[in-house]
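**Q** Have a look at this one.
No value in this document is a laboratory result; all are computed from the given coordinates. In this text the structure is predicted, and so the values were computed from the model without any measurement. Because the Cβ atoms are built from the backbone with ideal geometry, glycine has one as well, and the counts that use them run over all protein chains shown.
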Amino acid sequence: MISSKTIKAAASGLICLAGLAGAASVSAQFKTDEKFWNQPHIQKTFAASYSIKAKTEPDLTEEEQLVVKNVLTALQGDPATGVKADKNQALTMILAAITPEASAALDFIAANFYAEKSDLKNAIKYYDSAAKKHPSFLRAIRNGAIMKVKEGRYEAALKDFTKAIELGAKDTTTMGLLGLCYVNTEKYFSAETAYREAIVLDPTVKDWQVGLAKSLLQQQKYEEGIAVLEQILVDDPENDILWSSAANAYLGLEDAETAVAIQEIVDRLGKSTPDTLIFMGNIYMSRSLNELALTYFQRAIKKDKNQDPDVYVSIAETMTARGTYDEATSVISDIRSSFGTKLDDDNKLSILRLEAQIALATGQGEKVIPILEELIERDPMDGQALLLLAEFNSNKGTVDGYNRADLYYGRAEKVREWEVRALLSWARSYVAREQFGKAIPKLERIQVLDPQDHIGRYLEQVRKVHIASLGL
């Protein structure tokens, strides 16, 4: 466990700010939105890119130099002659001059035009052709890599950035975006190294600090990740995304109390999201504070009716498995009322199964027989529905109930993923009927399919009782 004075101080500041209205929205961390690309340290990478560095980059013939001069005139205009700036004309001129034999510099200039227009496909096309013509063309390789990051092609961008670094590129943007590529390809140790270098080159760029924190947390280096987050939060104390990251880090350190306290602060600030509310609900559910957990899950559902209902179906499944039937029923009710039209067939079937389990567990089995029969009608190999019907009929303790149970058990054991559970339940049913000889083969079959110590012990007990019942 660690106790961070910095985080606690920032937390105090956050509580004071909780009453302020209209808090500024924070752009998503670890992503590259328009705001990210418009930052000065990114933009200056492309500054003056229409010119060519003669000593380190491809040469221009005299004819090509004239083309570039005319392109620059069209690009900038010429007040002396009355020529107005016309970027489209400049691009047309440069494209007309590009041939397989032409200097890579012309391809590079065309690529920059397209990059400025946010035409990523053509920008990449011409950066790549420039690099192909002139393999040591550093700026073409690096700028092409940046365009590939914008397009989300992180593996391809990684290759280009690596080549650019081999050629001598080691600026903060190159190293920072290299880190971003590593994060998005789940190479977190390499991402950590790249982000650290980017921060050394320019410690003022928050994106690199955030990226470093994420790469550390993904490696489960929670204390180091928290230390980085501390520094960012001092300057940006209302950033709910960073607070949530810190909460997850403390949870990784098994310090659930601090994790909960941090998310409560985010909640007081009015910046809770469905994800943060679910986080809180899961923490409270793990502590068996089920009613409190339910309030957070219900708030999460109501927060956004356009969200994916799958996560809430999973929550209802967890609650049912834990035996918190009232809370599970409430979540199911809210799922239906909030996501009714968004529920797909799988969701609907899952909910029906949960309702059947809850009804059976709470002594309301008769209500769900039609539901289970409907499930089996839809899918004759629905192992769970078959098993629930078998157990319901077996629990009646009547001859007719046992006969029906055996039919359903026999069908359930033919469903591969439910075979072991069906065999165990069937064996217990036979034990309840004192038909020990029939229970033994079922338990022996389980030990062939999935050997388990506790099943082995149960099998031995049943064998002993069976022998005793025979008077041997």
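**Q** Starting with the highest mean, order 373-384, 96-107, 78-89 by the number of other Cβ atoms within 10 Å, averaged over the residues of each peptide. Numbers along the way, then the final one.
**A** Values: 373-384: 15.6, 96-107: 18.0, 78-89: 10.8.
Ranked from most to least packed, the peptides come out as 96-107, 373-384, 78-89.
**Q** For each of Asp207, Asp171, count neighbouring Cβ atoms within 10 Å of the residue's Cβ, then give the residues from fewest to most.
**A** On the way: Asp207 22, Asp171 15.
Ascending Cβ contact count within 10 Å gives the list Asp171, Asp207.
**Q** Which entries of Lys133/Lys206; Lys121/Lys303; Lys214/Lys348; Lys87/Lys148 show an alpha-carbon separation above 28 angstrom in the structure shown? Intermediate results must be reported in sequence, preceding the final value.
**A** Values: Lys133/Lys206 37 Å; Lys121/Lys303 38 Å; Lys214/Lys348 36 Å; Lys87/Lys148 24 Å.
In this structure, Lys133/Lys206; Lys121/Lys303; Lys214/Lys348 exceed 28 Å between Cα atoms.
**Q** Let me have the relative contact order for the chain, percent, based on Cα pairs under 8 Å that are six or more residues apart.
**A** Working: 543 pairs, mean separation 37.1, N = 472.
Normalised by residue count, the contact order of the chain is 8 percent.
**Q** Could you work out the per residue convex hull volume over the alpha carbons of the range 403-472, in cubic angstrom? Don't jump to the answer; show the numbers that get you there.
**A** Numbers: hull volume 5.1 nm³, N = 70.
Each residue corresponds to 73 Å³ of Cα convex hull volume.
**Q** For labels at Gln76 and Ser337 in the simple 7 Å Cα→Cβ model, what's the distance in nm?
**A** Those two pseudo-labels are separated by 6.7 nm.
**Q** Given the -39500 (n - 2.57) contribution per DSSP H run of 4+ residues, what per-residue ellipticity at 222 nm results for the chain, rounded to the nearest 500 deg cm²/dmol? Numbers along the way, then the final one.
**A** Values: 26 runs with 338 residues, N = 472.
Only helices count here, giving -22500 deg cm²/dmol.
**Q** On to the next question. Can you pull the percent of Cα pairs in the range 357-465 with separation above 18 Å?
**A** Values: 2877 of 5886 pairs.
Percent of Cα pairs beyond 18 Å in the range 357-465: 49.
**Q** In nm, what is the difference between 0.36 nm times the number of residues separating Gln219 and Asp310 and their Cα-Cα distance? Display every interim value, and only then the final one.
**A** Numbers: separation 91, 0.36 × 91 = 32.76 nm, distance 2.76 nm.
Length gained, Gln219 through Asp310: 30.0 nm.
**Q** Which FRET efficiency value, to the nearest 0.05, do you get for Arg299 and Asp202 by plugging their Cβ-Cβ distance into 1/(1 + (r/R0)^6) with R0 = 45 Å? Mind dumping the intermediate values first?
**A** Details: r = 40 Å, r/R0 = 0.90.
Efficiency at R0 = 45 Å is approximately 0.65.
**Q** Right, next: For the range 377-423, I need the span (max minus min coordinate) of the C-alpha atoms along each principal axis, in Å, sorted largest to smallest.
**A** Between the extreme Cα coordinates on each principal axis of the range 377-423 lie 28, 23, 12 Å.
**Q** Within the range 247-267, what residues put their amide N at less than 11 Å from the label point 7 Å along the Cα-to-Cβ vector of Val234?
**A** Counting only backbone N, you get no residues.
**Q** Going by amide H atoms built from the backbone, whose H comes under 5 Å of the H on Arg433, apart from near neighbours?
**A** Amide H neighbours of Arg433: none.
**Q** Separate question: Assuming a viscosity of 1.002 mPa s and a temperature of 20 °C, what translational diffusion coefficient in µm² per second does Stokes-Einstein assign to the chain, Rh being the Kirkwood radius over Cα pairs?
**A** Numbers: Rh = 28.0 Å.
Estimated diffusion coefficient is 77 µm²/s.
**Q** Round to the nearest 0.05 the FRET efficiency obtained for Glu377 and Ala256 when R0 = 51 Å and r is the Cβ-Cβ distance.
**A** Efficiency for this residue pair is about 0.70.
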